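The structure under discussion appears below in the form of structure tokens.
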Amino acid sequence: MRRLLGGLVLFIFFSQPLFAAKFDYGLNAKPVADNTYLFIGKKEDFNFQNGGNIVNSGFIITDEGVVVIDTGSSRRYGEQMLAEIRKQTNKPIFKVINTHHHPDHFLGNQAFKPAPIAALKGTVKGIKNSGDMFAENLYRMTGDWMRGTEAVVPDITLQPGIEEIGGHELEYIELSGHTGSDLAVFDRTTGVLFAGDLVFHNRTLTTPHAIPEKWFVALDKLAKLPFKVLIPGHGEPVSDLSAIEQTRDYLRWLVTTLENGANKGLSMNEVMQTEIPARFAGLALVKSELNRSVVHLYPGIEKKTLHKLN
Ligand SMILES: [Zn+2]
């Protein structure tokens, strides 16, 4: 028995550090168009195993240098991303862009300094106000993967419009709905649309800062762009409207479910028990994200319903 216990202690002692010592996100730059690469994250929530590798990030190699779009969830992620970029090119980092202020999209910024880091005005403000809090939360959720990570606030306010960088015509489109400030980057040269978290694909959307009515408007605008490849914030890229339509369909169902619940005077717990339609059964994390969305959005929708009734 003592030997058995001793073996168990040794196993726990050695297996944890050995696993953790690697801290390898396994990033692998996938080409999606000319000079354009993508890192596809897991369709999971943050945990100690994935270390926060749950997001899509990418980069475009232009004649003037590399444009990086989103930097992942930690300093380590950013460093490993940079190492992968260096396997493709030695060109300098021309610019880093953060699509919005959620931690899995900007906490790798540190690794790219002193390159300029740009984001929309609202995103810069969001990172300034909440960046440290987000980083602390991720320490709790992913542990040592986050070691040495600090929130780096973008130093450039990105103006919506078109910027020509080294042979690529990039269109910066200011939208909102997933958060109060969401950027889509459309490379008119290659037809690649980086949609940020305005579009999720086969992974249930998240809503901690969502404004659904604005999100629908944003999806309509994205759907009109002549893109060849759409990179969602989470999930695999697509070359058609399917990911936009899936995001819109789920968001519409979510809002309708919450409104119906409020009209019937249901409690949050009762709304959480709503049966999920079969067409959403394949979305990763659908049950847990529904519960989170009820917490995020139901109080606001109940308030609106009460106003209508009074
Ligand atoms: Zn987000």
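The table that follows gives values for the structure above.
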read-out	value
Positions within region 85-121 being open to solvent by less than 40 Å² (accessible area, probe 1.4 Å), more than 14 Å from the ligand (Cβ to nearest atom) and part of a strand (DSSP E or B), in sequence order	I93, K95, V96, I97, I117, A118
Residues of region 122-142 classified as among the aromatic types (F, W, Y) and crowded, with 17+ Cβ neighbours inside 10 Å, total	1
Flag for I156 being farther than 13 Å from R75 by Cα, loosely packed, with under 14 Cβ neighbours inside 10 Å and modelled with pLDDT of 95 or more	yes
All positions within region 154-183 that are within 13 Å of the ligand (Cβ to nearest atom) and either of a type in the set (A, V, I, L, M, F, W, C) or assigned to a loop (DSSP other than H, G, I, E, B) (or both)	L175, S176, G177, H178, T179, G180, S181, L183
Residue match in region 227-250 (condition: within 19 Å of Y298 (Cα to Cα), surrounded by fewer than 19 Cβ atoms within 10 Å (Cβ to Cβ), within 16 Å of the ligand (Cβ to nearest atom) and at pLDDT 95 or above)	no
Residues within region 271-310 that are of a type outside the set (S, T, N, Q) and in a loop (DSSP other than H, G, I, E, B), tallied	7
Scan of region 64-76 for residues that are open to solvent by less than 10 Å² (accessible area, probe 1.4 Å), within 19 Å of M141 (Cβ to Cβ) and either at pLDDT below 95 or in contact with a Ser or Thr (Cβ under 7 Å, 6 or more places away or on another chain) (or both), ordered by number	D70, T71, G72, S74
Filter pass, T149 being crowded, with 22+ Cβ neighbours inside 10 Å and either within 16 Å of the ligand (Cβ to nearest atom) or not in a helix (DSSP H, G or I) (or both)	yes
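The values are calculated or read from the model by the stated rules, or taken from the named source; none is laboratory data. Every value quoted in this text rests on a predicted model; they were computed, and no experiment measured them. Quick reminder, even Gly has a Cβ in these numbers, built from the backbone with ideal geometry, and neighbours come from all protein chains shown. For the accessible areas, the whole protein counts, side chains as well, though only heavy atoms, and no ligand, DNA or RNA atoms are used. Shrake-Rupley method; radii C 1.70, N 1.55, O 1.52, S 1.80 Å.
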